[in-house]
Structure formats: structure tokens, C-alpha cells
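What follows is a short report on a single structure.
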Amino acid sequence: MQNMKINTLILLALAFVSIKAQNPNDWENPQIIGINKEQATATFSSYVKEADALGFKQTDTEKSLNGKWKFRWVAKPEERPLDFYKTDFDVSGWDEIVVPGNWQMQGFGIPIYTNIKYPFEKKQPYVTQKPPKEYTSFALRNPVGSYKHEFEIPNGWMNKTLFIKFDGVKSAFYLWVNGQKVGYSQGSMTPATFDISKYVKAGKNSIAVEVYRWSDGSYLECQDMWRLSGIYRDVTLIAKNNTFIRDFIITTDFDESYVDADLNINLVVKNTSMEVAKGYSVQATVFDSHNNIVQQSDKALLGRIPEIQPEKEEAINLNMKVKKPLHWNAETPNLYSVLFQLSDSKGKVIENIPWKFGFKEVEIEGSLFKINGQLVKLKGVNRHEHHPRTGRYVDNETMLADIKLLKQCNINFVRTSHYPTCTEWYKLCDEYGIYLMDEANQESHGYNIGNKILGDNPDWKIAHVDRAVSMVERDKNHASVIVWSLGNEGGRGQNMKAMAESVRNIIPKAVVFCDSDMDASDIYDFSYIHPDKLKTLVEEHTDRPILMREYAHAMGNSLGNLKEYWDVIYAFDRFAGGAIWDWVDQGIAKKIDGSPLKYPENPEDLTLKDNEFYAIGGDFGDYPNDQEFCINGLIAPNRKPNPHYFEAQKIHQSIKFEMLDASNKTLKITNQYDFINLNEFDFDWSLKLNGKEIYVEKLDQLDVSPGEETTVAIKYPELDTEKGEYTLSIFARLKEEAQWASKDFVVSKEQFLLSEFILPELGADKTKTLGYSESQNSIEVKGEDFTIDIDAKNGALISFVFGNKEYITNPLEPYFWKPPNDNQERNNYVRRLGDWKGAAKNRKVANVNVSENKQDNQITIDFDIQPDKIDADYKLTYTIGASGKIYVNAAYHPKTSSNPLIPKFGFRLAIPKKYSHIEWYGRGPHENYPDRKHGALLGLYKSELNDFITPYISPQDNSNRCDTRLAKFTAKSGQGITIEGIQSFSFRAWPYLESDLEAAKHNHEIEQRDFININIDSKIHGVGGDDSWGAKTHKKYTIDGNKPISFGFILHVLTN
């Protein structure tokens, strides 16, 4: 605690150094980070009544100032109302704004999304230099928001010390109370607290806040996110006695066996009066989760406070040994409560402070990262604070939805990218069990990663250090925080080292992380690296733990090859894990008609309305912008999981199932949890035949400790493999309801193929007549109740009439193009694979041959085709039976070794839109691709077309289903078409064409057609996932254009 005090005093001394001669504006001076601000402290509330404190009820020592404030926005500082802070200034004609909230989300100014570029002219520390004309900041040079609000002091508060706390204001602000200037603050992601005791009066009071969109602090806030402004977190009025507990820190240290622990508490008590405070004492009482008192004596954790001189403070240490406390970790987040009671000289309790904490010890042992002595794997994600309507302000209900979805996704680790988030988030992570990398609000990416312009510049030292100190002081008592990050993609040099030192001054055993300066980091960071290269790097770096702060850039249709990363992670004990980029798509709900943003009646509503779309960078005329680069989430802005969420869920699962011997029906089950036994779960298995469940049974309770394994016998009946394909699926489920999921929720699953699928045959039908006619332009095959027309010039099947109904809208024909996804847009996919886009459209038929098979009553049409720009032979064959079934086959034989990769190998056709009910036997139910299908089990699924497609915010390829055996498209009548695979196939279906998809910038702009466009493919290019700025899809998930390929399926009509 003494180190903490010294650290803070140094910061305060430096903060008041002024170089105004050089920098006339406080907000363009990196050495002024605050004026008249209070020291940073932990987050807690004081109570008058013990019972209220123990119940963590709403405290009567705080008053929220959230609500509607008067507001005036201007485009540049010189236009701001200079005297608005005066008590007689008339603001009756001003607008109203909701606090907390970003002003751009309420119709003032322009949201800007940029990743690396500073949105103003880069010339540190200045933010009002003239930028290029296309920049938003050219006209809106540095917008200022002037806030005005009135509040009343509650009865009995005037004789107390009064504070006002702003939990988050972006990016810098001045404060006035009753016309008197109180202070200034910057550093937008941690609280700014001011003592306003001498500025307030009994009854009604006036508060004025002047907020600047940009400040020198913005040079350290160059994060990949929407740049939004204003008072976006809570504003609270706080009443303290004149002697009060200003701060405390709780640490726990286990013995060598991690059984018993030392509980250490350091408190700071402050005296704000002009008299000496004598005879004060503090008592800490510890309770377990059942509210039982832990300490054996009421004298334990009791301390007398030395005399406190006027306007000074004193520290006191309390400690106690606790026998066999329950550990806190993400799997068993056991929390204890402590009640601090400050008593005056007469023994009267004058302050009650409750807090929940966990017994937890984080350490690096050699090169191993451990929690409570146990190696852990961090299955993580990066999370920005984002709400599609309220921007940086995220309400509690949405935060809780995030927590539950994280837990259900088997995610145990969140990086608070790239700043300390709302304090309620930390409480939820403490309670539900999520490890946190708490990240300082420091990024100077616009000057490049590892830059020394800011990282090694002494003028910027105070600003860097403050961002570390304010974070650690605020969050130091949260059980969930396991790693302290100095920021993201920032500088390198003395300022990084000073940040690390400041963290350890507060928490000596802190694990410190820095991605931009490895000399300041306890952990290696290898982010966005191909798994093969990653493995090599891990083998070469053996002296520290390894953690990927970011990997698997989940932009749009992405997250391929996630399993390959986890194969590497599990191969090394010192590889702690990684955090996927990122959690939620940062789309903003915007009216299609272009109306300005404003809060609806319920701004916390996540539902996207029919007249809205999700806006991306540039959609507000903002510049510079990085367009859809903010759309990287496992979940959508409305908190609906994207398809790749389910892949992460599967790969992150902590129970491993392996088939040891199918003939002996033996499985090996490995417990990959770090702390819990598998006896906490129920296990069951299901046997399916051709997708239909025929047998289900529960396993006996398993008793498997972390890291251990067991073998179990699965007693399914003997298989009659002539009937078809058998699959065995096994599931681990929650035995009891959890806070984050219901009873029987599946936490782990696996599927095993026990026999092969029986392929369909065309079959012979000699009872019906079949014939054909041939002309220069077409070949017509006619049966008793169907007619099929094939274009003789290009081989396309252009008509399929059955029972006087046409079942094809656009021809069935070869097709090789797959529209790029976001990853592929940026890795030259179109240039590299672009020859295939017109390869089928411009194909040339070299030869056509029609033959009859009298024995089987079938007609076969063969086309020898030369694809355009591709050096290969391509044979297209239709074999048509008398029942109307069509066997379609394509055989590809390259004639060179220089053909490009093939985007997809298959066909496309269009059918009437009324056949929009889809049923399939294949992987599902959600979208899946060759490199992202582990989370999609084989089964029988059904969906309507609108639910089958994935409406990615940035239009791109979507909706694929892999390893399909059978697909049906039907109307309500039951009529439609069926596709049966001669081998397993992939298929996609959309109410639009590929060209429609590629032409649209937003989902609502895709032209909707009156047909269903279906792609049927033997193979399709994987989605990729290493990064979204050049990394290619892994080779094994691509299609080699220089190897032979054969593909076939049967197409037929369903008449009812």
C-alpha cells in the first residue's frame, strides 16, 4: 500500500506540471492529464446500515445523476458557448441528451470507424491541425459537447465530503459546479472523481461539463473501433463522512500445497476535515458463500488506525490465515464476501463497505502460466463494449446476455480490448467465472506498433503511466483479473517499462502483458500467425509462457482452421491459449432512409427493425474509415450467434472423446477441464441410422479428475450396415441448472461414423416409355409424364417439366465461382482464382453424343467441354431414366500444372421460389464449410430459405452445408426437387444471384429474385481464418485445379 501511495503521489505531482507556453490548451498537452482530480481507487460503495451493505442493496450514500441533460453540440472549439457554465446562462432552448450515452448515437455529430489511422491530422500532441479535405475532421475540427444539469443535495449531506464521479467521458472534459470551475480530466476509459464539497450548496445545484471529442489523449486511444464521444458511463454523486475509507486492496496467498491461504487487506483511511482524527478503528468480517463468518475470533482482522492529520490519510494492514478456503477460478468461481466497518472513537460504526472477492493466486512458474498452482488453457475472445443503438454504453441486460453466451461457447477468458470496460462487467465475470486480461487504454497504432515516438518519449510518460495506474487501482480487487495488459499495439521503450513498473508498485506479483514491447512483458505474444509457423515459434521460445492476445480474425464468414490452432496450443504446456478477434460485430443500427441517428423509445432494444440496417465505416460519410473491418464478431450486434460461434463452441470444449475400437464399442474420454471432475455432468449417447435416431442411452456417472482419462463401453446393438449409414453421437450435459444455462445444456459433444452411406442408384424402369429427339440447338428427352430439354450448344439443362409443371427457372449447368468472403476480398482471391469466374459461362462444347441403354431403359448425353481460360478437359454426362430421374456427372482432367485453385467444383441451377422449404441429411443445422465444420454434426435438418441463408452485415458467400447426402426443396404441397449425392456434396441456396451478392455493400441492398439459386458442389474453397488482410485459406481446404475431379448426383422431382 505504501508503494501504491508513492506511485500515486508521483503521478499527481507530474500531472500538474504545465507547459502552457508551448501548448495553450490543456487538451493538447500530454503532461496535463487532470486538474483537481482525486486519486484513483478501487470500485466500491459505502453504506450507513450494515444490513443494506451485507445485502449489496442500493446505497443511500450515492445519488445517480444519469438521465436527460441539456446539451449543445458544436463542430469546433471556437464555436462553443463560452459562458454556459454560469448559473444564469439560459439553456432552455438547448437540446436534451441522455446521460450516459455517446452524442453521435443521439444525432449529434458523426460516428467515425477507423482501425489504424488517426481521424485527425497526425501531429502529436495537437488535434486541431488542418487535415486533408476529405477527413471528417476537416469541417468538424474538434467537436465540443456542452452539458448542463441540475441536481439537489439530499438531506443530511451538506456536512459530508461530497464527490462527483464520472465513470467514463470521451475524450477530455472540464467541470463546473454552480458556476465555479472544479477541474479537468482526460483518459476516457477510467473514472474521474472530483471533490465538490466546497462548490455545492443546500438545495438545487448546477453542473456544467464541457467535453472535447479529441485531445492529446486521443493519440493513446487509436483503437480499432467506432470513435464515439461524450459522457457515456454513469455519473454519480457520492457522500462520505469526513473520515472515511478511501481505498483498499485484497490479496490472497496460498501455501505451497494450495490448501490454506493468507488473506491480506490493506486499507487507506482519509481525513478531509481540518481536525485530527483520533481513535478510529476498522474491522473486516469475512463471510463464505452461505453467509457464515469465516474468522474464528472477532479480534481477527481488527485494527486501530493511527491519528490522521487534517487533510491526510493513513494506511492499515489486516491479515488472517484461512483454512481450506474454496478456490476461485473460471470453472468454480467461489466468492467470499468481506464487510469493512469503520468505527469512530466512541466505537460507533460510521461506514460499512461490502466487497466480494476470491481466493486466487496467479503466477508464472518458469515458463508455465498457472492459476492456483494449476496449468490452465485460456479459451478466449476479445470484447469491445458495443451496443448497436447506444454505442460504447452497454446496459446490464446486454452484458448479462454476453456473459451467458460466452459461458455457453466454452469461453473462459476475455481480453477487455482495448481499455478497461464498465465496472459491472468485472462483477459479472467474478460471479459467473470468466478470466480477464484487463487492458489499459493505450494504443498508438497510428504511429505503428512498437513506435518510439510516443513509447520512448519522456513527454508522454505521465500519460502512459496514468492509464496503467488508473486501471489497476480501479480493478485490483476483482477475482476475475488474471493478467494486466499495458495496452494494445502501442509504443516501445521507457514508457512501456514505466507502465509495467507502476503496475507492480500496486500489485508486486502482477502478471504483466505487453504486445508492443516484449521487454516489458512477462508473456510472449504470437498473434495472427499460421499454425505451422506458430508451432515453430513456440518450440524456439521456451523461457516464458505464450498467449495469443489476438488470433483467428473472425471477420464475416470466417474462423476456418480453428482446430489447427488448438492442436498446437494443447501440444505445449507453456502455451496458455489465445483470444479470438473478436466477440461482437460492431454494426450500428441505422435507418435505411438515411435518417439521423437518435434513441428510440427503448434504446436498449437489440432488435433490428425492418426499416434499419447495420451501418459500417463510411456509412455516415465518415472519413477516414475502414468499412466492414469492424464486423469481426462471433455474435451479431443483436447478440444472435453467427455460424462460426458454434465452431468456437465445439473447439473450446473441455471434454475430449475418441473412438478407440469401433468393433469393441470402446470410447476414451479425457477431462481437459483444469479444475472440475466430470462427475458434474451427465453423459448420453445416440445411435442414428441415415440420420434418424434409433437408440439413446445414458452412461453411468463418470469420475474423472482434471487431466485424467477413462474408457467406457457403448452398448449399442449390432449394426446392419446394408441398411445404411450409422452414426454414434455422445454428449456431455449440465447435470443441474447453472446461472448461464439450463439443465441438460450440452457442454461437449462428438460424433463418430460407424458405417458408410449407401449411395443411390438411378435404377432401371422398363415399364415406362422413354425417347429423345435431337436438333442443332437442343436435345429433348421425353418420358410418359416428363420432358427434359438440354441445350446442345453449351450442355445446360434448361427445362425440366414434370406433370405439366416447370421445375427449373434457370438452367442446371457447370459453375465454378464462389463469391469471396471478407478474408478472401483481402488476399487477392479474385485475382488469383478469377479465371474460374467465366470458365463455365464462356465454355465451348467440342463434342456431343447421345446414346440409349435399352436394357436399363436410359438415355445418356455426353458433352466434351473446354472451360474458358482453363487448360483442362471436362466431360459432362446426363443419364436419364424412364422415371424422370437425372444422373448428372462431371469429370475434370487438367492438361497442365498451372491452372489456378478452383473456388468450387460443381453446378448451379435455379428453381421457383415457392420451393423454399429445405430438408437435408448432412452437416447442420447452421452454416458450415470444409475448414469450419467440427461444430456441425451429421443429421436430418430442415429450414425455411430465409433462415437457411446467413445475412452477413457485409454481403458475401454464405449458407453452405457440407457432407450432404440428400437435399430437398419443397413447397407447402410437398412438391419440389430432390438432390441425392452419388458422393457427399455441399450445397448453398439463396434468393439472389452471385452477381447480386457481389454488387451489394449492405445486406438490404441485395436484389431479391423470384427464384432460388442453388449451388451443388463436390468441393468448395474453405473460409480461411488466420487473418483478414492477406492470409490465404489453408492448402488442404482448397481445390487443386491441377488434379482430376469427378462429381455426380441424382436430380429428381417430388410430385407430392
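The values are calculated or read from the model by the stated rules, or taken from the named source; none is laboratory data. Not measured: the values here are computed from a predicted model. Virtual Cβ from ideal backbone geometry, glycine too; neighbours counted across all protein chains shown.
Go through region 479-500 and count every residue that is among the charged types (D, E, K, R) and within 17 Å of R415 (Cβ to Cβ). Show your work before the answer.
Filtering region 479-500 for residues among the charged types (D, E, K, R) gives 489, 492, 497.
After this cut, where a residue has to be within 17 Å of R415 (Cβ to Cβ) as well, the list is 489.
Summing the residues that are among the charged types (D, E, K, R) and within 17 Å of R415 (Cβ to Cβ) in region 479-500 gives 1.
When region 874-893 is filtered for residues that are over 20 Å from E784 (Cβ atoms), surrounded by 15 or more Cβ atoms within 10 Å (Cβ to Cβ) and in contact with an Asp or Glu (Cβ under 7 Å, 6 or more places away or on another chain), the ones remaining, listed by number, are K875, T877. In region 415-433, the condition of being surrounded by 24 or more Cβ atoms within 10 Å (Cβ to Cβ) and aliphatic (A, V, I, L, M) is met by no residue.
Kindly indicate the residue of region 303-326 that is assigned to a loop (DSSP other than H, G, I, E, B) and of a type in the set (K, R) and also nearest to the chain's Cα centre (by Cα) among those meeting that condition. Before you say what the answer is, go through the steps one by one.
Step one: filter region 303-326 for residues assigned to a loop (DSSP other than H, G, I, E, B), giving 305-307, 309-311, 323-326.
Within this subset, residues satisfying the condition of being of a type in the set (K, R) are 323-324.
Numbers: K323: 39, K324: 36 Å.
Among residues in region 303-326 that are assigned to a loop (DSSP other than H, G, I, E, B) and of a type in the set (K, R), the one nearest to the chain's Cα centre (by Cα) is K324.
Counting only residues that are more than 28 Å from I462 (Cβ to Cβ), in contact with a helix residue (DSSP H, G or I) (Cβ under 8 Å, 6 or more places away or on another chain) and assigned to a strand (DSSP E or B), region 98-131 holds 2 of them.
Counting the residues of region 1004-1014 that are touching a residue at least 60 places away in the same chain (Cβ under 8 Å) and surrounded by 18 or more Cβ atoms within 10 Å (Cβ to Cβ) gives 4.
Among the residues of region 881-937, write down those that are of a type in the set (A, V, I, L, M, F, W, C) and under 20 Å from T809 (Cα atoms).
Correct list: I886, V888, F907, L909, A910, I911, I918.
For the residues E647, E628, E604, E612, the requirement of being under 30 Å from R733 (Cβ atoms) and of a type in the set (D, E) singles out E647. Select, from K1001, K1019, the only residue that is touching a Lys or Arg at 6+ places or on another chain (Cβ under 9 Å), among the charged types (D, E, K, R), outside any helix (DSSP H, G or I) and modelled with pLDDT of 95 or more. After ruling out the rest, the residue left standing is K1019.
Within region 661-680, can you find the residues that are of a type in the set (A, V, I, L, M), assigned to a strand (DSSP E or B) and farther than 15 Å from G707 by Cα?
To start, the set of residues in region 661-680 that are of a type in the set (A, V, I, L, M) comprises 662, 667, 669, 676, 678.
Applying the additional criterion that residues be assigned to a strand (DSSP E or B) yields 667, 669.
Passing the criteria: only L667.
Give the residue that is farthest from the chain's Cα centre (by Cα), with candidates limited to residues of region 890-921 that are of a type in the set (S, T, Y) and part of a strand (DSSP E or B). Here the answer is Y892.
Kindly establish whether G924 is of a type in the set (G, A, S), within 25 Å of Q653 (Cβ to Cβ) and either surrounded by fewer than 24 Cβ atoms within 10 Å (Cβ to Cβ) or under 41 Å from the mean Cα position of the chain (by Cα) (or both). Break it down into steps so the answer makes sense when it comes.
On the way: of a type in the set (G, A, S): yes; within 25 Å of Q653 (Cβ to Cβ): yes; either surrounded by fewer than 24 Cβ atoms within 10 Å (Cβ to Cβ) or under 41 Å from the mean Cα position of the chain (by Cα) (or both): yes.
Considered against the rule, which asks whether it is of a type in the set (G, A, S), within 25 Å of Q653 (Cβ to Cβ) and either surrounded by fewer than 24 Cβ atoms within 10 Å (Cβ to Cβ) or under 41 Å from the mean Cα position of the chain (by Cα) (or both), G924 comes out as yes.
Go through I32, I19 for me and flag whichever is closer than 17 Å to P125 by Cα, at pLDDT 95 or above and either part of a loop (DSSP other than H, G, I, E, B) or not small (G, A, S) (or both). One residue alone meets the criteria, I32. Restricting the first residue to region 136-151 and requiring it to be over 11 Å from V74 (Cα atoms), which pairs with a second residue that is assigned to a strand (DSSP E or B) and of a type in the set (S, T, Y) meet a Cβ separation below 6 Å and a spacing of at least six or different chains? Here the result reads E150/S206, each pair linking region 136-151 to a residue that is assigned to a strand (DSSP E or B) and of a type in the set (S, T, Y). I want to confirm something. Restricting to region 681-714 and keeping residues that are part of a loop (DSSP other than H, G, I, E, B) and under 15 Å from S729 (Cβ atoms), which single residue is modelled with the lowest pLDDT? Step by step, filter region 681-714, then rank; the result is I714.
The strands (runs of 3 or more DSSP E) located wholly in region 781-889 that include 3 or more residues which are closer than 30 Å to G560 by Cβ occupy 810-815.
Looking at E550, E604, E612, E564, can you tell me which residue is among the acidic types (D, E) and within 28 Å of Q751 (Cα to Cα)?
Numbers: E550 fails: within 28 Å of Q751 (Cα to Cα); E604 fails: within 28 Å of Q751 (Cα to Cα); E612 fails: within 28 Å of Q751 (Cα to Cα).
Of E550, E604, E612, E564, the one residue that is among the acidic types (D, E) and within 28 Å of Q751 (Cα to Cα) is E564.
Cβ-Cβ distances below 6 Å connect no pair with a first residue in region 75-92 that is within 30 Å of F138 (Cα to Cα) and not assigned by TED's automatic domain parsing to the domain that holds V144, a second residue that is of a type outside the set (K, R) and surrounded by 11 or more Cβ atoms within 10 Å (Cβ to Cβ), and a separation of six or more residues or different chains.
So that you can scan it fast, the table gives a plain yes or no per residue for (1) within 24 Å of R988 (Cβ to Cβ); (2) in the same structural domain as I1012 (by TED's automatic domain parsing); (3) of a type in the set (S, T, N, Q):
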| site | (1), (2), (3) |
| --- | --- |
| A796 | yes, no, no |
| W836 | yes, yes, no |
| V845 | no, yes, no |
| P867 | yes, yes, no |
| D873 | no, yes, no |
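Restricting attention to region 338-367, the residues that are within 30 Å of S654 (Cα to Cα), touching a strand residue (DSSP E or B) at 6+ places or on another chain (Cβ under 9 Å) and not charged (D, E, K, R) add up to 6.
Among the residues of region 727-737, are any aromatic (F, W, Y), in contact with a strand residue (DSSP E or B) (Cβ under 6 Å, 6 or more places away or on another chain), part of a strand (DSSP E or B) and not assigned by TED's automatic domain parsing to the domain that holds N842? Spell out how you get there, then give the answer.
We begin by selecting, within region 727-737, every residue aromatic (F, W, Y); these are 731.
From what's left, in contact with a strand residue (DSSP E or B) (Cβ under 6 Å, 6 or more places away or on another chain): 731.
After this cut, where a residue has to be part of a strand (DSSP E or B) as well, the list is 731.
Now drop any that are not not assigned by TED's automatic domain parsing to the domain that holds N842, which leaves 731.
Within region 727-737, one or more residues are aromatic (F, W, Y), in contact with a strand residue (DSSP E or B) (Cβ under 6 Å, 6 or more places away or on another chain), part of a strand (DSSP E or B) and not assigned by TED's automatic domain parsing to the domain that holds N842.
Going by what's in this entry, would K749 be described as touching a residue at least 12 places away in the same chain (Cβ under 8 Å), out of contact with any helix residue (DSSP H, G or I) (no Cβ under 9 Å at 6 or more places or on another chain), in a strand (DSSP E or B) and of a type in the set (K, R)? Let's see the steps before the verdict.
Details: touching a residue at least 12 places away in the same chain (Cβ under 8 Å): yes; out of contact with any helix residue (DSSP H, G or I) (no Cβ under 9 Å at 6 or more places or on another chain): no; in a strand (DSSP E or B): yes; of a type in the set (K, R): yes.
In short, no.
Checking I364 against (1) crowded, with 17+ Cβ neighbours inside 10 Å; (2) farther than 30 Å from T161 by Cβ, which test does it fail? So I364 meets the others, but not (1).
To keep it simple, each residue is scored yes or no on (1) surrounded by 23 or more Cβ atoms within 10 Å (Cβ to Cβ); (2) more than 21 Å from P596 (Cβ to Cβ).
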{"position": "M105", "(1), (2)": "yes, no"}
{"position": "Y126", "(1), (2)": "no, yes"}
{"position": "Y135", "(1), (2)": "no, no"}
{"position": "L140", "(1), (2)": "no, no"}
{"position": "I153", "(1), (2)": "no, yes"}
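Per the conditions (1) more than 30 Å from P131 (Cβ to Cβ); (2) under 14 Å from the mean Cα position of the chain (by Cα), the sole criterion not satisfied by G587 is (1). Within region 41-53, residues that are within 10 Å of R474 (Cβ to Cβ) have Cβ atoms under 9 Å from residues that are modelled with pLDDT under 95 in no pair, counting only partners at least 6 apart in sequence or on another chain. Tell me, yes or no, whether region 1008-1021 has at least one residue that is in contact with a Phe, Trp or Tyr (Cβ under 6 Å, 6 or more places away or on another chain) and among the hydroxyl-bearing types (S, T, Y). Scanning region 1008-1021 turns up at least one residue that is in contact with a Phe, Trp or Tyr (Cβ under 6 Å, 6 or more places away or on another chain) and among the hydroxyl-bearing types (S, T, Y).
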